[in-house]
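Visitor: Let me begin by handing over the structure; questions about it come next.
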Amino acid sequence: MKQLSPIALVCIVALAGCQGGGYEDAGPVVLQPDENAQETVQTALLTAQPGDVIELTEGTFEFTGSLSLDVADVTIRGQGVDKTILDFAAQQAGAGAEGITVTSDGFVIEDLTVLNTKGDGIKVEGTDRATFRTIKVDWSGPPKTENGAYGIYPVQVSNVLIEDSQVRGSSDAGIYVGQSRNIIVRGNRVWQNVAGIEIENSFGADVYDNLATNNTGGILVFSLPEMPVKNGRDTRVFRNTIENNNHANFGKAGSIIAALPTGTGLQVMANENVEVFDNDLRDNQTYNIAVLSYLVTEREYDDAEYDPYVEGVYIHDNRFSGGGDSPQGRGERLSKQFGGTFPDIVYDGFVDPAKMVDGELPPHLGIYVENNGDADFVNLDLGAMLAGKEPKPYNDLAAHAGSLPEPPAEIVLAPAGATGAGL
Amino acid sequence: MTRTGSPWPALLGAAGLVLWAGCAPGPVEFTGLRDAPQELSAFGLFEGEPADHVPAEGVIPYDLTTPLFSDYTEKLRFVRVPAGQAATYHEEASFDFPVGTILAKTFAFPSDEHATGRRLLETRILAHLDSGWIGLPYVWNDEQTEATLKIAGGLLPAKWEDQWGSVREQGYLVPNANQCKGCHEATASGVRPLGAKARYLNRDLTYAHGSENQLVHWGAAGVLGGAPKLDAAPRSPVWNDPATGSLYARARAYLEINCAHCHNPEGPARTTGLDLSWSADDPVDLGVYKFPVAAGRGSGDRLYGIVPGRPEESILMYRMLSLDPGVMMPELGRRRVHSEGVDLLEEWISAMPEPEKGRRHRDPAG
């Protein structure tokens, strides 16, 4: 801030004197539900000062449109999940699709429930430091296509923390971190979404201690073409429970998620340098773990900078039971040659010929599978098709022994108040 | 701290004058949302009855070749550049307006209950402060004598008889101050004006003294500097006037003014990879055979943004035709389908040839 000259102060005082009805700075802002919740809460978000805490008391706040926040370092805090409820069922056409849209750094939201948004639940876009803690995003009733796409949705954000939260009913992904950097997703519970947790086109993520159950797919680590930020990498998925993700896919056709086979446990697609360890994977009927290139979707794309191959994946020390017994969708077609079932870990075997050195992939691009108990494996060898040959699938793990030379590092988030780490 | 209007040296010797000026009507000084004028009259934009919207001295009315669709409202636009200063002309981007500039846009519905023949709903102010541009929504009272700042926006009842004599009743949405930013913000430049570009202003307008091209008028009034001769200035076609441009050009103008404020490489919808700005030239950027990124159910069971020749398979049409907040585009400020705009884009997509290279149509079943 510039130094103020005395004369400038006089001028400001004069201005304040004739405004009438200015805003006072006085401790945390505490708001209670009333008939005017849209205006009350939105006004508080607009007039907040950096560092402010906006407290929402117990009760149901009913909104008629989106809420939006563009002031740095503001915390929105309720009095607990299912106690403080932000209900967007009465959202009007033209008043925005999301529940809460945030475009400012240092956002924290905690201890409340966001209900029935027409679009995404909470979207944070293009910022640094976003924290979602002990919140719930939910859509009433059985999961349906008309529900919003994403529950918790940071996109193009650096330093994302999503912890101890719950999402149910998203028609795309419950927790969706897109085009972001430096991410921790831990201790969350996601169920009855199309995808439980999706890390997409992102760089550096630790996904651990989560429970993903009864989604169409549990946890997805994806990289997709034709986006401004692409070729995601460096993600660790560990200590999660990924079980019984056999919910019917209720995504709208056209979206990539609508093609996700029911019964997907963990799917790593077109990413690079991903470590998967110490997870419990159970009873995901298509496959417990799939390691796939984008080519397997058979979708065309027009993006010279995009790398469709999945490379540098290290899967070790996980525990498996059940699953793969009734592959669905794309999985059903691919599994026909194996009698209609899949092993625990399925790798499509697409290898980029352009990256081969002396007929082999460099070590950092290898697919490694080790110490997963008696888990079984298949390499579908679909890469042979690129050379005009017949694929020769194999189950032998010998070709996939070893580990990543430089596995992803532990994620350390920028501390509160840090600035300048934006994408 | 920020200021608008008079330069500091003049203030140093005239503290008394500053105190007086701070409270007087006319050009107003403020630093942001928290000390913004509570009443529109503080800006001193109009003389006489406020409802008549007669521009005060130094305030210039303007209009655009192709405007944003706003639920069939009438829109009245005004600009005031600080006395003695001028905006700088740009061929592509918005003009560079000096600090202190005010752009005002009033939304109104036709109404027989008012002598002016219209009911003023809202006036949006875009003010250029030292700290950048700020958007402020002012809502008109029933008496039409004053508009009051309503930073949280809201839903206004609106009822009027249309040109065919049927009574129309619909809510009118006032955006909140952040939603002003949502459309007007870009990552590099921050909040900026959208319509005040050469190609949209390059048209005639009827002024008190007669009809004149707006760029010529602004130049003569001394509020715009650096403009080329008129025949060298670009002109956007009028979206619904085939005499002003080809189907392609009119569709692109419509897409830019209605969609590109978000759908450009620096806008809020940059994460989708869809670029509908005037300068976009890659078919995939425009949505041709482009898969949706984060449309969710907005895809409407359709595979691509645009399928040449098949508007009924194009996500773009699906979202224009929707009034569901989770599907519709634009998602802000529209509560009705713009049938005429839909017709234009349907015609454009129907006539669109397959791209010469890149993806081509492939039946999902085949």
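The values are calculated or read from the model by the stated rules, or taken from the named source; none is laboratory data. These figures come from a predicted structure and were not determined experimentally. FYI the Cβ positions are ideal-geometry reconstructions off the backbone, even for glycines, and counts take in every protein chain you see.
Visitor: So, in segment A:196-251, how many residues would count as being among the aliphatic types (A, V, I, L, M), within 28 Å of A:E300 (Cβ to Cβ) and over 12 Å from the mean Cα position of the chain (by Cα)?
Guide: Residues flagged as among the aliphatic types (A, V, I, L, M), within 28 Å of A:E300 (Cβ to Cβ) and over 12 Å from the mean Cα position of the chain (by Cα) within segment A:196-251 amount to 4.
Visitor: I would also like to ask the following. Take the conditions on the phi > 0 side of the Ramachandran plot and either buried (at least 21 other Cβ atoms within 10 Å of the Cβ) or at pLDDT 95 or above (or both) and apply them to A:N371. Does it pass?
Guide: Taking the combined requirement at face value, the residue satisfies it.
Visitor: Condition first: within 13 Å of chain B (Cβ to nearest Cβ), in contact (Cβ under 8 Å) with a residue 12 or more places away in the chain and outside any loop (DSSP other than H, G, I, E, B). Can you find one or more residues in segment A:275-284 that meet it?
Guide: no
Visitor: Among the candidates A:Q267, A:Q285, which residue alone is of a type in the set (S, T, N, Q), more than 13 Å from A:V190 (Cα to Cα) and within 15 Å of the chain's Cα centre (by Cα)?
Guide: A:Q267
Visitor: If you don't mind, there's one more thing I want to ask. Could you tell me which residue of segment A:92-118 is surrounded by the fewest Cβ atoms within 10 Å (Cβ to Cβ), considering only residues that are more than 16 Å from B:N178 (Cβ to Cβ), within 14 Å of another protein chain (Cβ to nearest Cβ) and not aliphatic (A, V, I, L, M)?
Guide: Among those residues, the one meeting the criterion is A:Q92.
Visitor: Give the number of residues within segment B:294-320 that are under 26 Å from the mean Cα position of the chain (by Cα) and in a loop (DSSP other than H, G, I, E, B).
Guide: Residues meeting the conditions: 3.
Visitor: Taking the conditions exactly as written (touching a residue at least 24 places away in the same chain (Cβ under 8 Å) and under 22 Å from B:P50 (Cα atoms)), does B:P157 satisfy them or not?
Guide: no
Visitor: May I pose another question? In segment B:129-157, how many are β-branched (V, I, T), surrounded by fewer than 16 Cβ atoms within 10 Å (Cβ to Cβ) and either away from chain A (no Cβ under 12 Å) or within 19 Å of the chain's Cα centre (by Cα) (or both)?
Guide: The qualifying residues number 1.
Visitor: Which of the residues belonging to segment B:173-195 are in contact with a strand residue (DSSP E or B) (Cβ under 7 Å, 6 or more places away or on another chain), over 13 Å from B:L68 (Cβ atoms) and either of a type in the set (S, T, N, Q) or assigned to a loop (DSSP other than H, G, I, E, B) (or both)?
Guide: Answer for segment B:173-195, where residues must be in contact with a strand residue (DSSP E or B) (Cβ under 7 Å, 6 or more places away or on another chain), over 13 Å from B:L68 (Cβ atoms) and either of a type in the set (S, T, N, Q) or assigned to a loop (DSSP other than H, G, I, E, B) (or both): B:N176, B:N178, B:Q179, B:R192.
Visitor: Name every residue in segment B:20-76 that is touching a Gly at 6+ places or on another chain (Cβ under 9 Å), modelled with pLDDT of 95 or more and of a type in the set (A, V, I, L, M), in order of residue number.
Guide: B:A42, B:V54, B:A56, B:V59, B:L64
Visitor: Condition first: surrounded by fewer than 23 Cβ atoms within 10 Å (Cβ to Cβ) and not in a loop (DSSP other than H, G, I, E, B). Now tell me which residues in segment A:239-255 satisfy that.
Guide: Of everything in segment A:239-255, those that are surrounded by fewer than 23 Cβ atoms within 10 Å (Cβ to Cβ) and not in a loop (DSSP other than H, G, I, E, B) turn out to be A:T241, A:E243.
Visitor: (1) more than 8 Å from chain A (Cβ to nearest Cβ); (2) at pLDDT 90 or above; (3) in a loop (DSSP other than H, G, I, E, B): which one isn't true of B:E340, the others all being true?
Guide: (3)
Visitor: Go through segment A:306-349 residue by residue and tally those that are of a type in the set (S, T, N, Q) and part of a loop (DSSP other than H, G, I, E, B).
Guide: 4
Visitor: In segment A:55-112, how many are free of Cβ contacts under 8 Å to residues at least 60 places away in the same chain and over 23 Å from B:G32 (Cα atoms)? Don't jump to the end; show me each part of the working.
Guide: First pass over segment A:55-112, keeping only residues free of Cβ contacts under 8 Å to residues at least 60 places away in the same chain: A:55-72, A:74-80, A:82-104, A:107-112.
After this cut, where a residue has to be over 23 Å from B:G32 (Cα atoms) as well, the list is A:55-65, A:77-80, A:82-99, A:108-112.
Residues meeting the conditions: 38.
Visitor: Another one. Go through segment B:254-265 and count every residue that is touching a helix residue (DSSP H, G or I) at 6+ places or on another chain (Cβ under 8 Å) and not in a loop (DSSP other than H, G, I, E, B).
Guide: 4
Visitor: Across segment A:145-166, which residue is surrounded by the most Cβ atoms within 10 Å (Cβ to Cβ) among those that are polar (S, T, N, Q) and more than 15 Å from A:I109 (Cα to Cα)?
Guide: Restricting to residues being polar (S, T, N, Q) and more than 15 Å from A:I109 (Cα to Cα), the top hit is A:N147.
Visitor: I'm told B:G182 meets every condition in (1) farther than 29 Å from B:A249 by Cβ; (2) modelled with pLDDT under 90 except one. Can you identify the failing condition by its number?
Guide: Unmet condition: (1).
Visitor: Here's something else I'd like to know. Quick check on segment A:49-65. Is at least one of its residues hydrophobic (A, V, I, L, M, F, W, C), surrounded by fewer than 22 Cβ atoms within 10 Å (Cβ to Cβ) and over 24 Å from the mean Cα position of the chain (by Cα)?
Guide: Checked segment A:49-65: at least one residue is hydrophobic (A, V, I, L, M, F, W, C), surrounded by fewer than 22 Cβ atoms within 10 Å (Cβ to Cβ) and over 24 Å from the mean Cα position of the chain (by Cα).
Visitor: Considering only residues that are within 14 Å of chain B (Cβ to nearest Cβ), more than 10 Å from the chain's Cα centre (by Cα) and farther than 17 Å from A:G265 by Cα, which ones fall in segment A:180-195?
Guide: A:R181
Visitor: Scan segment B:314-332 residue by residue and report those that are within 21 Å of B:D275 (Cβ to Cβ) and either more than 9 Å from every other protein chain (Cβ to nearest Cβ) or in contact (Cβ under 8 Å) with a residue 40 or more places away in the chain (or both).
Guide: Result: B:S314, B:L316, B:M317, B:Y318, B:R319, B:M320, B:M329, B:P330, B:L332.
Visitor: May I ask you to verify whether B:W164 is assigned to a loop (DSSP other than H, G, I, E, B), crowded, with 21+ Cβ neighbours inside 10 Å and aromatic (F, W, Y)? Quick ask: steps written out before the conclusion?
Guide: Numbers: assigned to a loop (DSSP other than H, G, I, E, B): yes; crowded, with 21+ Cβ neighbours inside 10 Å: no; aromatic (F, W, Y): yes.
Judged against the criteria, B:W164 is not a match.
Visitor: For A:D73, which of the numbered conditions (1) more than 11 Å from every other protein chain (Cβ to nearest Cβ); (2) on the phi < 0 side of the Ramachandran plot fails to hold?
Guide: Just one mismatch for A:D73, condition (2).
Visitor: Looking at (1) surrounded by 24 or more Cβ atoms within 10 Å (Cβ to Cβ); (2) within 19 Å of A:I315 (Cα to Cα); (3) more than 14 Å from chain B (Cβ to nearest Cβ), can you tell me which one A:L211 breaks?
Guide: Among (1) surrounded by 24 or more Cβ atoms within 10 Å (Cβ to Cβ); (2) within 19 Å of A:I315 (Cα to Cα); (3) more than 14 Å from chain B (Cβ to nearest Cβ), A:L211 violates only (1).
Visitor: Can you name the condition, by its number, that A:D172 falls short on among (1) in contact with a Phe, Trp or Tyr (Cβ under 6 Å, 6 or more places away or on another chain); (2) without any contact (Cβ under 8 Å) to a residue 40 or more places away in the chain?
Guide: For A:D172, the exception is condition (2).
Visitor: Considering A:D73, A:D82, which residue is under 23 Å from A:L413 (Cα atoms), charged (D, E, K, R) and part of a loop (DSSP other than H, G, I, E, B)?
Guide: Result: A:D73 is the single residue among A:D73, A:D82 that is under 23 Å from A:L413 (Cα atoms), charged (D, E, K, R) and part of a loop (DSSP other than H, G, I, E, B).
Visitor: Still on this structure: Could you grab me the full set of residues in segment A:294-321 that are charged (D, E, K, R) and either surrounded by fewer than 19 Cβ atoms within 10 Å (Cβ to Cβ) or touching a helix residue (DSSP H, G or I) at 6+ places or on another chain (Cβ under 8 Å) (or both)?
Guide: A:E298, A:R299, A:E300, A:D302, A:D303, A:E305, A:E311, A:D317, A:R319
Visitor: Considering each residue of segment B:225-253, count those that are assigned to a loop (DSSP other than H, G, I, E, B) and over 22 Å from B:V288 (Cβ atoms), and give that number.
Guide: Of the residues in that region, 10 qualify.
Visitor: Would you check which residues across segment A:119-152 are under 23 Å from A:R77 (Cβ atoms), more than 8 Å from chain B (Cβ to nearest Cβ) and hydroxyl-bearing (S, T, Y) and list them?
Guide: A:T127, A:T131, A:T134
Visitor: OK, next. Determine which single condition B:E346 fails, assuming it passes every other condition in (1) charged (D, E, K, R); (2) surrounded by 17 or more Cβ atoms within 10 Å (Cβ to Cβ); (3) free of Cβ contacts under 8 Å to residues at least 60 places away in the same chain; (4) facing another protein chain (nearest Cβ under 10 Å).
Guide: (4)
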